[in-house]
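The values are calculated or read from the model by the stated rules, or taken from the named source; none is laboratory data. Bear in mind that the values here come from a model prediction, so they are computed numbers and not experimental data. Glycine gets a Cβ as well: all are built from the backbone with ideal geometry, and neighbour counts include every protein chain shown. The protein model used for the area step is the full one, side chains on, heavy atoms only, and it has no ligands, DNA or RNA in it. Shrake-Rupley method; radii C 1.70, N 1.55, O 1.52, S 1.80 Å.
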Amino acid sequence: MTSEKQHSTGTEEADDRVESFRQARRARRLELQEDYLELIADLIDEQGEARQVDIAAALGVTQPTVAKMLKRLADGGLITQRPYRGVFLTGEGRDIAERTRERHQIVETFLLALGVSAENARIDAEGIEHHVSAETLQAFARFLAEERG
């Protein structure tokens, strides 16, 4: 009986790990998309437009790499492109960019509250923001609200 319990627990732990891996892979796929949308929003806000060449320069990738991602974003209804013009966010694309910014801000502020340096908080938040669960993000926000209150 004990070995059955141990086996069952071991199987449950393995299932939990598998689900964690699935969630991490999903987050990595969304991370790239969110980074592009956030950057496009930043470029539009700062320069009035987001051009493919500026996106490539900001991300340190080639224009063909950017073109492939822009096609995926357009196919997903998150951006529109016009010949000889820049890239534009759809309403849904803008919403995702804004949620990503908000998540980044919460994570960065939380890390700063823990005593992480400003530079490391900014860099670390960039990765964490895409992988943190809604529950954890809410806990960060509650902690920050209590700390301020």
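Roughly to the nearest percent, how much of the accessible area of the chain is carbon and sulfur, given a 1.4 Å probe? Display every interim value, and only then the final one.
On the way: 4950 of 9850 Å².
C and S fraction of accessible area: 50 percent.
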- Task: Using only Cα atoms, tell me the angle between helix 91-113 and the longest principal axis of the chain; keep it within 0 to 90° and round to the nearest 10.
- Result: 60
- Can you tell me the dipole magnitude for region 7-149 around its Cα centre, using point charges on the Cβ only (Lys, Arg +1; Asp, Glu -1), in Debye to the nearest 20? 660
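Excluding T65 itself, what net charge comes from residues whose Cβ is under 13 Å from its Cβ, given Lys and Arg +1 and Asp and Glu -1? Could the numbers behind the result be given before it?
Details: positive: K68, K71, R72; negative: D35.
Charge balance near T65 sits at +2.
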- Note on the structure: Loop-resident GluC sites (Glu not before Pro) in region 29-92 with no more than 16 other Cβ atoms inside 10 Å, DSSP not H/G/I/E/B, are E49
- Note on the structure: Output for region 41-149: trypsin sites (Lys or Arg not before Pro) sitting in coil per DSSP, at most 11 other Cβ within 10 Å, listed by number, reads R85
- In degrees, nearest 10, range 0 to 90: what is the angle between the Cα axis of helix 2-47 and the longest Cα principal axis of the chain? 20
- Message: Let me cross-check S117: its accessible surface, 1.4 Å probe, with only protein heavy atoms counted, in Å² to the nearest 10?
- Response: 60
- Determine the relative contact order of region 37-123: mean sequence separation of Cα pairs under 8 Å and six or more apart, normalised by residue count, in whole percent. 28
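Run through every distinct alpha carbon pair of region 1-128 and return the Kirkwood hydrodynamic radius in angstroms, one decimal place.
Details: mean 1/r = 0.0589 Å⁻¹.
Radius from the Kirkwood sum: 17.0 Å.
If you count only protein heavy atoms with a 1.4 Å probe, what accessible area per residue comes out for region 74-143, rounded to a whole Å²?
Working: 4160 Å² over 70 residues.
Accessible area per residue, region 74-143: 59 Å².
Using DSSP to define loop residues, name the chymotrypsin sites (Phe, Trp or Tyr not before Pro) in region 57-139 whose beta-carbon has at most 10 other beta-carbon atoms within 10 Å.
Details: sites: Y84, F88, F110; in loops: Y84.
Here the sparse-neighbourhood loop sites are Y84.
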- Item | the chain - percent relative contact order, Cα under 8 Å, separation 6 or more | 21
- 3J(HN,Hα) from dihedral phi, region 78-88, Karplus parametrisation 6.51/-1.76/1.60, rounded to Hz, x for glycine, proline: 9, 9, 10, 10, 10, x, 6, 10, x, 9, 10
- Note on the structure: Taking Lys and Arg as +1 and Asp and Glu as -1, residues besides I79 with C-beta under 10 Å from its C-beta add up to +1
